[in-house]
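Have a look at the structure below, then the notes.
The values are calculated or read from the model by the stated rules, or taken from the named source; none is laboratory data. Values in this document were obtained by computation on a predicted structure and should not be read as measured data. Quick reminder, even Gly has a Cβ in these numbers, built from the backbone with ideal geometry, and neighbours come from all protein chains shown. Accessible surface areas use protein heavy atoms only, side chains included; no ligands, DNA or RNA. Shrake-Rupley method; radii C 1.70, N 1.55, O 1.52, S 1.80 Å.
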Amino acid sequence: MFTPRYVKHSKLLIRHAQKYLRYKRDILEPTSYDLIAADIRRLRAALKQRDQKQIEARAEDLDAKLHELLPVTWESHWRENCEVILVAIVVAVGIRSYFLQPFKIPTGSMQPTLNGIIGHPMTSPPPNILQQVAEFVLRGRNYVNVIAAEDDEVLQIQRQKFLFFFTWSRIVFQHQKPIRVYCPPEQLSADFRVSPGIRYRRGEVIARGAVDTGDQVFVDKLSYNFVKPHRGDVFVFRTKNIPDIGDQSQFYIKRLAGLPGDTLRIEPPKLHVNGKLAEGYGFERVMGAKDGYRGYGPGHAAMSDPMKTYRVPEHSYYAMGDNSYNSYDSRWWGPVPERNLVGRGLFVYWPFIPHWGLIR
């Protein structure tokens, strides 16, 4: 730790030079071999004397000899860079496949525990560019300000994806050129009231305001291989093999409300599990109906009657959103098969405000 850098560099240089001599001993000319061996001995002697100037001079001599015998070519640079990139990709894929996988929260079903994408219509223009950059980094907030260039009509709104996390909308007009907006079509429609068929006059505001990106989380894919899921976990699962969900290629994130064999009953705003109130910080926070929470609302079939109970089938789990009155969850499409489980929501890594940290 306290060894000077020039000493570390010299020792590393000696090691590489010795390795080079071992590899090339049978094909290297005797004179070249002797020159390098002599430089190694001189550098070692300088290290024993602890003379910095002499050490640096001997190290430069040895390094120059090695470069003469082993010139660096552009192919070697490309080869090294490709190796580094390939190793990085393999490590990233391995971590994503077996340990941690990033996900983006698209909807508001877990609000305010986890935020989905939220649009905030405004009447005033966006702030200056410095404030926009700061808010994007800290809050994941992006500003939109779309003005009609002429009297025109919206024909369609097309979804466009960039990489894995970024969703844009392409607003197609009857006359003017299409406009790309960093805001999903759902938020343009629900929050900014932009939809096909609406006509705008020249200079009229089409969409103006802020769009908060959904929380981006790391999901722990490892722990469920060793321990059973716990009631109260925020967990991610595939929608495949759940017949009543239309798009079965998605991933959902909800709170695990019921384990196999549990009996559940909703008596708004309370959730009863096995005959008593649900226990745990997450459930108590929702049932408290404060700080943005509204409690648990009735669902479909048995969960719509506060006097009836629902029993979770074996090898299945019951999922509910913390934003119960605006959550499409197991109350509507039934339990989650055990094979669909992906992992436990572990950490919000971006944006930094307001939910950065461990998920509870």
| query | In the stretch 187-194, is there at least one residue being hydroxyl-bearing (Ser, Thr, Tyr) and open to solvent by less than 40 Å² (accessible area, probe 1.4 Å)? | reply | no
| remark: Among strands (runs of 3 or more DSSP E) completely within the stretch 248-360, the ones holding 3 or more residues that are of a type in the set (Ser, Thr, Tyr) and under 30 Å from Val211 (Cβ atoms) are none
| remark: By residue number, the members of the stretch 89-110 that are open to solvent by 50 Å² or more (accessible area, probe 1.4 Å), out of contact with any Leu (no Cβ under 8 Å at 6 or more places or on another chain) and within 21 Å of Phe251 (Cβ to Cβ) are Ala92, Val93, Ile95, Arg96, Ser97, Pro106, Thr107
| field | Which numbered condition Asn241 fails, given (1) touching a Phe, Trp or Tyr at 6+ places or on another chain (Cβ under 6 Å); (2) touching a residue at least 60 places away in the same chain (Cβ under 8 Å); (3) open to solvent by 40 Å² or more (accessible area, probe 1.4 Å) | value | (1)
| request: Might you check whether a residue that is loosely packed, with under 11 Cβ neighbours inside 10 Å and of a type outside the set (Lys, Arg) occurs anywhere in the stretch 4-21? | output: no
| said: I'd like to check something: does the stretch 174-189 contain any residue that is closer than 18 Å to Gly119 by Cα, β-branched (Val, Ile, Thr) and not in a strand (DSSP E or B)? | reply: no
| request: Could you tell me which numbered condition Leu130 fails, if it satisfies all but one of (1) at pLDDT below 95; (2) open to solvent by 30 Å² or more (accessible area, probe 1.4 Å)? | output: (1)
| Scope the stretch 34-55; condition in contact with a Lys or Arg (Cβ under 7 Å, 6 or more places away or on another chain) and either open to solvent by 100 Å² or more (accessible area, probe 1.4 Å) or closer than 22 Å to Leu69 by Cα (or both); matching residues | Leu35, Ile36, Asp39, Arg42, Leu43
